[in-house]
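Only one structure is covered here, and it is reproduced in the block below.
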Amino acid sequence: RLQRVSCYCLPRNVAGKTVEELRELRGMGLSLVYVGCESGDDEVLERIIKGETYDSSLGALLKLGEAGIKRSVMILNGLGGPELSEQHMVNTARLMNAAQPELLSTLVVSFPLGTDRFEATSPGFRMLTQRELFSEMEVLISHLSLDKTIFRSDHASNYLPLKGVLSRDTDKMLSQLRDAKEGRAPLRPEWARGL
């Protein structure tokens, strides 16, 4: 017998639903929605032609929460490149602080089919180095102010798996990131990051 259902969505998939309709789905077993926000920064979202904004993402996350559906938000580490790295993470943290999702995860941006389409809207884009990725994660985690969000960056794309509850484990994760930047932490090798 089916006991629970989860699904993936974009913020715009929630926009046309009322809280009552979402509660009805919750009553039928929809208990968790994975929301691909990718960023909370409008400039980054515009460059990738996401079709979303900070406001549309926040509206969807708050509506799902009000309906009693758990939210698992996915963020792409490195999506803004070096140029937009800091604002990408500061505004993403601002979005997460406003939404207070139950789960939050980061993945490193990758281009298994090549970068041509992406470069058309982000000329001069460069992938972040390992050290830059760790610095970007430091910005995100240090700006998060969450009550009890389960945080994971253990996807295959991440060099440094991080796990914890925020904001309880903020200091521990920042220490792990500092260790990684200084070469004192075991990292996932490239061959293990096959996507």
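Yes or no, residue by residue, for (1) touching a Leu at 6+ places or on another chain (Cβ under 9 Å); (2) at pLDDT 95 or above; (3) of a type outside the set (K, R):
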| position | (1), (2), (3) |
| --- | --- |
| S105 | no, yes, yes |
| R126 | no, no, no |
| E138 | yes, yes, yes |
| S175 | no, yes, yes |
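Answer yes or no as to whether T149 is without any contact (Cβ under 8 Å) to a residue 40 or more places away in the chain, within 22 Å of S72 (Cβ to Cβ) and buried (at least 17 other Cβ atoms within 10 Å of the Cβ). The answer is no for T149.
Can you tell me how many residues in the stretch 1-19 are of a type in the set (S, T, N, Q) and surrounded by 12 or more Cβ atoms within 10 Å (Cβ to Cβ)? Number satisfying all stated conditions: 2.
In this structure, does G80 turn out to be out of contact with any strand residue (DSSP E or B) (no Cβ under 7 Å at 6 or more places or on another chain) and without any contact (Cβ under 8 Å) to a residue 24 or more places away in the chain? No; evaluated as a whole, the condition is false for this residue. Of the candidates L95, L128, L104, the single residue that is closer than 27 Å to R188 by Cα, touching a Phe, Trp or Tyr at 6+ places or on another chain (Cβ under 8 Å), open to solvent by less than 40 Å² (accessible area, probe 1.4 Å) and touching a residue at least 24 places away in the same chain (Cβ under 8 Å) is L104.
For the stretch 29-50, name all the residues that are part of a loop (DSSP other than H, G, I, E, B) and among the β-branched types (V, I, T). Listed by number, the residues that qualify are I48, I49. Of all residues in the stretch 169-195, those that are assigned to a loop (DSSP other than H, G, I, E, B) and either under 25 Å from P101 (Cβ atoms) or not small (G, A, S) (or both) total 8.
Here S6, S39, S72, S56 are screened, and the one residue that is within 20 Å of L133 (Cα to Cα) and either hydroxyl-bearing (S, T, Y) or without any contact (Cβ under 8 Å) to a residue 12 or more places away in the chain (or both) is S39.
Quickly run through the stretch 28-43 and pick out the residues that are small (G, A, S), modelled with pLDDT of 95 or more and closer than 18 Å to A67 by Cβ.
S31
Restricting the stretch 152-173 to residues that are exposed (fewer than 15 other Cβ atoms within 10 Å of the Cβ) and of a type in the set (A, V, I, L, M, F, W, C), the residue that is nearest to S72 (Cα to Cα) is V165.
Taking the numbered list (1) surrounded by fewer than 17 Cβ atoms within 10 Å (Cβ to Cβ); (2) over 19 Å from Y34 (Cα atoms); (3) under 16 Å from the mean Cα position of the chain (by Cα) in turn, E136 passes all entries but (1). Scanning the stretch 51-83 for residues that are outside any loop (DSSP other than H, G, I, E, B), touching a Ser or Thr at 6+ places or on another chain (Cβ under 9 Å) and either open to solvent by less than 30 Å² (accessible area, probe 1.4 Å) or closer than 14 Å to C9 by Cβ (or both) yields Y54, S57, K63, K70, S72, V73, M74, I75, N77, G81.
The values are calculated or read from the model by the stated rules, or taken from the named source; none is laboratory data. Fair warning: this is a prediction, and the values are worked out from it, not measured in the lab. Glycine gets a Cβ as well: all are built from the backbone with ideal geometry, and neighbour counts include every protein chain shown. Heavy atoms of the whole protein, side chains included, go into the accessibility calculation; ligands, DNA and RNA do not. Shrake-Rupley method; radii C 1.70, N 1.55, O 1.52, S 1.80 Å.
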